[in-house]
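The values are calculated or read from the model by the stated rules, or taken from the named source; none is laboratory data. Keep in mind that what you see is a predicted model, and the values were worked out from it rather than measured. FYI the Cβ positions are ideal-geometry reconstructions off the backbone, even for glycines, and counts take in every protein chain you see. Ligands, DNA and RNA are excluded from the accessible area calculation, which covers all protein heavy atoms including side chains. Shrake-Rupley method; radii C 1.70, N 1.55, O 1.52, S 1.80 Å.
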Amino acid sequence: MLAELQGQIERITYTNEENGFTIAKVKVAGRPDLVCVVGNLLAPMPGEVMKMQGQWTNHPKFGEQFKIVSYKSMVPATVTGIQRYLGSGLIKGIGPVMARRIVKKFGKDTLEVIDCDVEKLSLVEGIGDKRIEMIKKAWSEQKDIREVMIFLQSHGVSSGFATKIFRQYGSQAIQVVEENPYRLATDIFGIGFVTADKIAEKLGFDRESELRAQAGILYVLNELSDEGHVYYPYEGLIEKSGEILAIASETIARALTTLALNKLIVIEDLNADYEDYQETNKAVYLAKFHTSETGISRRLKILLNGFRSIRHIDADKALCWAQEKLSITLAPNQAEAVKTACGSKVMVLTGRPGTGKTTIINCILKIFKALGVGIFLAAPTGRAAKRMSEATGYEARTIHRLLDFSPKKAGFQKNEDHPLDCDLLIVDEFSMVDCILMHHLLKAIPPHAAFIMVGDVNQLPSVGAGNILNDVIASGVVPVVELNEIFRQARQSSIIVNAHKINSGVVPSFKPSKGQLDDFFFIHKEEPEEVLEMVLELVKNRIPGRFGFDPIEGIQVLTPMHRGTVGAGNLNTCLQEMLNPTAKSVSFWGRNFRVGDKVMQIRNNYDKEVFNGDIGRITGLDEEAREVRISFDGRGVDYDFADLDEVVLAYAISVHKAQGSQYPVVVIPLHTQHYLLLQRNLIYTAITRGQKLVVVVGTPKALAMAVNNNKTRKRYTRLTQRLSGQL
């Protein structure tokens with residue numbers, strides 16, 4: 001038989017935002033001590049009064065507890081309870097200090113005043129019209145959110161997502177979820193198909209329904225795009241979808257047809273002339289990727305065949321003039337690169353570190369600036385753009401800023417109707433450019449402009465879907481110049497020399513030759529725990545002590561994986577505790593964030609103009625406003641607590657996330673524990689992120705495995721075939 005208990009929450013001992021599980025201390029009338037209650041609660045707040053049903057239990061370690069089975073939230077009755085309730089962070093605009101002032105003014109009538117006559121709050125010192133509007137809106141939303149929360153929790157959704165769901169759908173939230181819970185998987189960041197599927201099941205949706213099959217297929221295609229695939233073979237997609245959905249392939253095939261008719265996907269079926277092409281003739285694309293890939297092919301061809309607004313010049317004379325002006329002498333293939341740029345509409349310049357890509361860019365800039373040509377420089381990330389600016393002396397922007405993304409207008413403002421006003425566009429770190437971004441970029445380049453793509457084809461491909469740089473090179477339709485000679489200054493760096501060895505399949509030596517800088521170290525540790533211990537020691541003591549680098553700003557730990565003892569997750573927990581143990585903090589989404597933490601954005605947020613992979617520092621935490629402020633390259637961005645699932649600690653990050661960035665010092669844990677991801681291009685990319693010092697910690701076996709594994713994961717794209725006329 002269930003017992004009943006009524007009391008006021010005095011403090012929250014623990015709460016998990018993801019599933020609502022809470023341990024709280026509750027004040028019960030007639031009992032001198034606080035009662036420990038445990039159970040799933042909806043955003044519990046100190047001061048909140050609850051009428052609970054449950055069972056008394058005796059925990060072997062923590063003693064008597066009341067295990068909640070069901071409960072009802074009630075309005076707090078006492079002045080103290082109201083003050084705690086309002087000051088708990090429930091409402092933006094009211095913190096502990098303001099709650100005290102309000103309750104002092106209105107006493108037990110406080111909640112009625114906020115609910116029915118909020119304008120009276122102007123009688124309280126420090127509350128003006130702006131704050132009243134903020135409180136009014138937050139109070140209204142909170143009531144609506146609670147209604148949504150109760151509905152969602154009854155169908156298995158965690159309280160942590162309630163704010164996001166309400167923000168997306170507003171007062172229509174319950175209606176939307178009841179009609180099609182699978183929308184949550186595509187509309188709400190963090191809610192996947194599995195969660196949406198559980199909700200659908202509780203709402204009575206048939207597991208064999210075509211609606212479920214359609215949602216499952218879209219989920220699988222999105223997951224595959226996260227692995228880099230622009231499309232996926234038809235039969236393979238049916239198989240993968242069947243594994244996840246556990247339904248008949250005939251149902252999946254019907255759902256594919258419906259999705260295609262509704263133009264959510266494109267099924268591209270090649271005719272008999274292409275029977276030998278790849279594994280299958282049928283390719284399934286999410287509609288946006290098909291639009292992008294076909295658009296890239298069409299627009300690149302238009303660009304290649306269009307007239308060139310830059311007047312014809314004698315490339316040999318221009319080359320001699322530029323070398324004289326810059327007081328340099330170029331190597332033969334460097335000279336070839338400059339001459340190719342002088343005469344080409346579109347070209348690719350690729351090469352490893354130390355081969356002079358920046359020198360070539362400066363030479364090209366010198367020539368075309370003298371001609372009065374309008375030039376734009378860009379790169380995929382803020383750090384890469386900043387580095388390009390420093391290396392050339394000219395302004396470089398991120399591609400998103402170049403294309404003038406507007407959150408209010410929900411899109412790039414530079415496009416075929418409003419093209420870039422330039423005659424030459426040079427984009428660096430092009431290996432990072434994915435299919436979607438390439439399409440938007442090409443739409444904005446005027447047909448008369450010249451276009452130079454600069455990048456290292458040996459690096460990891462883009463985080464997003466596609467393999468653009470490799471596909472363009474493989475198509476053979478664009479002139480490509482590869483720089484392959486390491487120059488004298490670069491040869492003095494063990495980082496550069498060893499990176500080239502790795503790229504050639506040679507396990508590097510860690511004894512620098514005479515005259516080389518001592519900037520690359522390998523520390524042999526066999527056990528994962530030993531690797532972890534050494535990484536922590538290097539970051540906190542050894543590198544700062546010997547070389548003077550700041551452990552947070554100057555040192556970046558790069559790891560192949562997220563999981564495991566030396567994966568990014570555990571490394572971040574240990575590094576945070578070691579480097580920033582006591583700062584003001586907030587826990588949300590199962591993560592703990594502290595003022596001063598180094599953090600990374602993990603999805604594109606166009607409203608905030610912060611993008612996947614951007615690294616910043618937490619500079620402030622406002623419990624009253626329920627916001628965290630993060631500085632990205634000096635620009636402050638505010639995050640609501642509910643948005644903190646877009647951010648992770650970044651003391652250690654994956655090698656993939658480090659693309660396009662460079663750091664003074666890179667520390668790389670490398671262990672056979674990472675065997676699934678030990679690939680040559682991964683270790684090559686990791687090492688080439690270091691500017692002044694690279695330290696690898698781990699086993700020689702793991703390094704050898706990575707260097708000898710030149711098999712890269714296949715990415716399904718058809719761009720090469722489209723560009724070369726095979727499709």
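Take every DSSP beta bridge whose two residues both sit in the chain; close to 60 percent of them are antiparallel. In this structure, the pairs whose alpha-carbon distance is over 23 Å, taken from 301/714; 657/692; 608/657; 136/598, are 301/714; 136/598. Of 301, 540, the residue with the largest accessible area leads and the full order is 540, 301 (1.4 Å probe). Rounded to the nearest 20, the size of the Cβ-charge dipole of the stretch 243-395 about its Cα centre is 1000 debye, with Lys and Arg at +1 and Asp and Glu at -1. In this structure the stretch 352-490 gives 37 Å² per residue of accessible area when probed at 1.4 Å with all protein chains present. Dipole check for the stretch 591-651: with +1 at the C-beta of Lys and Arg, -1 at the C-beta of Asp and Glu, and the Cα centre as origin, the magnitude is about 320 Debye. Taking label positions 7 Å along the Cα-Cβ direction at both residue 692 and residue 116, the computed distance is 6.7 nm, reported to one decimal.
Express the carbon and sulfur contribution to the solvent-accessible surface of the chain as a percent, rounded to the nearest whole number, probe 1.4 angstrom. It is 48 percent, rounded to a whole number. Considering only 267, 94, 295, the residue lying farthest towards the positive end of the dipole of the chain is 94, judged by Cα position with unit charges set on Cβ. The figure for residue 530 is an accessible area of roughly 80 square angstrom, using a 1.4 Å probe on the protein chains alone. In the context of the full protein assembly, residue 555 retains an accessible surface of approximately 0 Å², using a probe radius of 1.4 Å and ignoring ligands and nucleic acids. Of the residues 346, 320, 334, the one whose Cα sits farthest towards the positive end of the charge dipole of the stretch 308-350 is 346 (charges of +1 on Lys and Arg Cβ, -1 on Asp and Glu Cβ, taken about the Cα centre).
The length gained on full extension between residue 390 and residue 28, counted as 0.36 nm times the residue separation minus their Cα-Cα distance, comes to 123.8 nm. Once all protein chains are placed together, residue 639 keeps about 0 Å² accessible to a 1.4 angstrom probe.
Remark: the residue 325-residue 226 segment gains 31.0 nm on full extension, using 0.36 nm per residue and subtracting the alpha carbon distance. The loop-placed trypsin sites (Lys or Arg not before Pro) in the stretch 200-266, going by DSSP, that have at most 13 neighbouring Cβ atoms within 10 Å of their Cβ come out as 207, 263.
When the helix-only estimate is applied to the chain (DSSP H runs of n ≥ 4, each -39,500 (n - 2.57), divided by the residue count), what is the mean residue ellipticity at 222 nm, nearest 500 deg cm²/dmol? Write out the running numbers ahead of the final one.
Working: 27 runs with 275 residues, N = 727.
-11000 deg cm²/dmol, from helical runs alone.
Considering only alpha-carbon pairs that sit under 8 angstrom and 6 or more positions apart, the relative contact order computed for the chain is 11 percent. Note on residue 180 and residue 129: their simple-model spin labels are 4.2 nm apart, each label 7 Å out from Cα toward Cβ. Rounded to the nearest 20 debye, the dipole magnitude of the chain is 1640 debye, with +1 charges on Lys and Arg beta carbons, -1 on Asp and Glu beta carbons, and the Cα centre as origin. Heavy-atom accessible area with a 1.4 Å probe sorts 475, 585, largest first, into 585, 475. For the chain, the fraction of C-alpha pairs more than 48 angstrom apart is 27%.
When DSSP beta bridges are limited to those with both residues in the stretch 1-131, what percentage is antiparallel, rounded to the nearest 5?
Just about 95 percent of them are antiparallel.
Using the Cβ-Cβ distance between residue 587 and residue 248 with R0 = 45 Å, the FRET efficiency computed as 1/(1 + (r/R0)^6) comes to roughly 0.55.
Solvent-accessible surface of protein heavy atoms, probed at 1.4 angstrom with all chains present, puts 70, 209, 241 in the order 70, 209, 241, largest first. Highest average first, the peptides 112-124, 214-226, 679-691 ordered by how many other beta carbon atoms sit within 10 Å of their residues are 679-691, 214-226, 112-124. Extension gain for the segment residue 211 to residue 485, taken as residue separation times 0.36 nm less the Cα-Cα distance, is 93.0 nm to one decimal. Rounded to the nearest whole Hz, the Karplus-based 3J(HN,Hα) values (6.51 cos²θ - 1.76 cosθ + 1.60, θ = phi - 60°) of the stretch 26-40 follow the sequence 10, 8, 10, 4, x, 10, x, 9, 7, 8, 8, 10, 10, x, 7, with x at glycine and proline.
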